[in-house]
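Here the structure is laid out as structure tokens; the discussion comes afterwards.
The values are calculated or read from the model by the stated rules, or taken from the named source; none is laboratory data. Source: prediction; values computed, not measured. No Cβ is skipped: glycine too gets one built from the backbone with ideal geometry, and neighbour counts run over all protein chains shown. Heavy atoms of the whole protein, side chains included, go into the accessibility calculation; ligands, DNA and RNA do not. Shrake-Rupley method; radii C 1.70, N 1.55, O 1.52, S 1.80 Å.
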Amino acid sequence: MAMQYQEQNCAMTLAQGVEEYRKYLKINDRKMLFDKPGSKLILEHDVTHVIFGLDTTIEEEAILDSWVLWGCKWKFSYLKQYQKLPEIKDLQKMLFKEFGVFGMIKIFFKMLPLKIKAIKRARAMSKKWSFVLDDALLSKKINELRKEYNIRILDKKERTPKSYIQWSGSFKAKETSST
């Protein structure tokens, strides 16, 4: 499913991009996470999907990790809060149960060429994106923000692996080959 925010020159506002991303989650029966009062952690994570033009396949989540680590300003203690969310812990347990440690290492190396592409693009940015979101950015257009930060997202061809990873949480399993 192609989304407007996955186009380099998307003219939607960042808030509209987040709305489109969340509709994508709902359409694909993905678990919606919501921020607790006083927190913006989920919103901030969703914004990284939008600004870097990625969806929630395991492959694109792996690419997003590289964008966040290399292209964002963040504090380890803050990102660790995301890892502590019960839904994220459950997902990690499910992945380790399904693939095991060696399977997870295999996935890492399978995704490495795409992760390296994201790292190169992140290093070319003119300034790092702040993971802690300034709410004023939500009203700015995605294409203008990408220009300001020199974010050149991976287009569909660039972010598509040679084969998709099949797992119980994948919605691409029917149309792809296994790991």
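Past 23 Å, Cα to Cα, is the threshold; run 73/115; 31/73; 36/127; 26/156 against it and keep the listed order. From 73/115; 31/73; 36/127; 26/156, over 23 Å: 31/73; 36/127. The loop-placed trypsin sites (Lys or Arg not before Pro) in segment 110-145, going by DSSP, that have at most 16 neighbouring Cβ atoms within 10 Å of their Cβ come out as 127, 128, 140.
In the chain, helices alone account for a calculated mean residue ellipticity at 222 nm of -17500 deg cm²/dmol, with every DSSP H run of four or more residues adding -39,500 (n - 2.57). Give me the distance between the Cα centres of segment 1-63 and segment 99-157, rounded to whole Å. Comparing the Cα centres of segment 1-63 and segment 99-157, I get a distance of 13 Å. Taking amide H positions as modeled 1.01 Å from N, with prolines and chain starts lacking one, the residues under 5 Å from residue 130 and 5 or more places away or on another chain are 73. Strictly over 30 Å apart at the Cα level, which of 93/117; 40/162; 75/110 would you flag in this model? Those over the limit are 40/162.
Per atom type, segment 44-130 shows carbon and sulfur on 65% of its accessible surface, probed at 1.4 Å. A dipole drawn for segment 23-115 from +1 and -1 charges on Cβ atoms has a positive end, and of 62, 24, 38 the residue lying farthest that way is 38. The residues of segment 27-129 expose on average 58 square angstrom of accessible surface per residue, using a 1.4 Å probe on protein heavy atoms.
The local environment of residue 74, defined by Cβ-Cβ distances under 11 Å, has a net charge of +3 under the rule Lys, Arg +1 and Asp, Glu -1. If you take every residue apart from residue 26 with its C-beta less than 12 Å away from the C-beta of residue 26, what net charge results, scoring Lys and Arg +1 and Asp and Glu -1? Around residue 26, the charge tally is +1. Kirkwood analysis of the Cα pair distances in the chain returns a hydrodynamic radius of 16.8 Å.
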